[in-house]
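Chemist: Below you will find the structure I want to go over with you.
The values are calculated or read from the model by the stated rules, or taken from the named source; none is laboratory data. What you are looking at is a predicted structure, and each value in this text was computed from that prediction instead of being measured. Every residue, glycine as well, gets a Cβ built from its backbone with ideal geometry; the counts of neighbours run over all protein chains shown.
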Amino acid sequence: MTNCSNCGFENSLMSEKCSQCGMFLGFPNVNDCSQKEEMKALRKRYREKFKLAELGEQQEKRIDFEGQVKKSSAVINVSLDYLYNMIAGKSTIYSTYQLQTEGEARDFVRSEFDKERLGIEGTLFGSYGSNIRYAAMSLDGSGLKSYGDYTIILSDESVRLRTTLLEENSYSFIRRHKILAGDKIPKGYRAVWKERYKLAIAKLMGKILLTKETDYAIIVLKSTGDRKRDEYIEVHIYGKINKEAIRAVRGNSNVDPGQKEKILRIKEYLKIYKKEWIEE
Ligand SMILES: [Zn+2]
């Protein structure tokens, strides 16, 4: 339940606005993951792993890892064509000259990354599932190549308030915990954006202690080229994502001659919008 701060009406946890007075109640995924019991369960899992690294060199590793996770980004991988349409598509050319028109507010079409998850979103989110966009958490801006060669890195501002995370990709999560439609989600495996370090420690502390500092990024997001074997922390963003949400794009410019033009145009537009291109 979410109590309305304006009129006190008890709304379903899935509501974004109060059914009685229309007041904004907050993002449903964030409200869901902010419930006392959910946060308590996560804190408990975090504390248990924290104990593995309370002293000396291990403590240093934990502090360093936590620091990296606190600066991590949400990333979405797409194909070159998808990226091109999003950044240099027709409506974008129009809005370059008429900034802040409605064209600017255009949502990405659902990417491959989203489509694959449509079937299970009802189980995880109920009726607000259609508002969720999916991404992965990345320490170094690299993404999951099985969804496309180009990684869109979202800015912290664009996700901070409306984003939650799940310990692993929703498919394997639902299978591992044998969750059926309508079942409750086991507690302690989801986090709000600012607590993502707790989730990362709860999931990975054991592995981190055995890993060099420079390899933490690979432990957090393992891109294998095969969706079934990819390992990552899944990011759930409520609402539309438009190109304003992009901080940088990471990819390889060395493409077939026929595709070169697209890369050039993408880079031109990124420059106009003051977004970064990171060569891979
Ligand atoms: Zn109300």
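Chemist: Kindly check whether there is at least one residue in the stretch 221-232 that is among the β-branched types (Val, Ile, Thr) and either within 13 Å of the chain's Cα centre (by Cα) or closer than 20 Å to Gly67 by Cα (or both).
Modeler: no
Chemist: Confirm whether Cys4 is more than 18 Å from Phe125 (Cβ to Cβ), within 15 Å of the ligand (Cβ to nearest atom) and crowded, with 19+ Cβ neighbours inside 10 Å.
Modeler: Here the answer is yes, as Cys4 does meet what is asked.
Chemist: Okay, moving on. Looking only at the stretch 203-213, decide whether some residue is part of a strand (DSSP E or B) and crowded, with 19+ Cβ neighbours inside 10 Å.
Modeler: So far as the stretch 203-213 goes, no, none of its residues is part of a strand (DSSP E or B) and crowded, with 19+ Cβ neighbours inside 10 Å.
Chemist: Right, something else. Considering every residue within the stretch 34-43, establish whether at least one is within 15 Å of the ligand (Cβ to nearest atom), closer than 21 Å to Leu161 by Cβ and small (Gly, Ala, Ser).
Modeler: Within the stretch 34-43, not a single residue is within 15 Å of the ligand (Cβ to nearest atom), closer than 21 Å to Leu161 by Cβ and small (Gly, Ala, Ser).
Chemist: Still on this structure: Give just the number: which of (1) farther than 22 Å from Trp277 by Cβ; (2) out of contact with any Cys (no Cβ under 8 Å at 6 or more places or on another chain); (3) not aromatic (Phe, Trp, Tyr) does Ala245 not satisfy?
Modeler: Checking Ala245 against (1) farther than 22 Å from Trp277 by Cβ; (2) out of contact with any Cys (no Cβ under 8 Å at 6 or more places or on another chain); (3) not aromatic (Phe, Trp, Tyr), the one that fails is (1).
Chemist: Would you confirm whether any residue within the stretch 179-186 is within 17 Å of the chain's Cα centre (by Cα), under 26 Å from Ser130 (Cβ atoms) and touching a residue at least 12 places away in the same chain (Cβ under 8 Å)?
Modeler: no
Chemist: Starting from residues that are modelled with pLDDT of 90 or more and of a type in the set (Ser, Thr, Tyr), keep the ones in the stretch 63-97 and report whichever is nearest to Arg47 (Cα to Cα).
Modeler: Ser72
Chemist: Just to be sure I understand, how many residues within the stretch 147-169 are modelled with pLDDT of 95 or more and either among the aliphatic types (A, V, I, L, M) or part of a helix (DSSP H, G or I) (or both)?
Modeler: Counting residues in the stretch 147-169 that are modelled with pLDDT of 95 or more and either among the aliphatic types (A, V, I, L, M) or part of a helix (DSSP H, G or I) (or both) gives 10.
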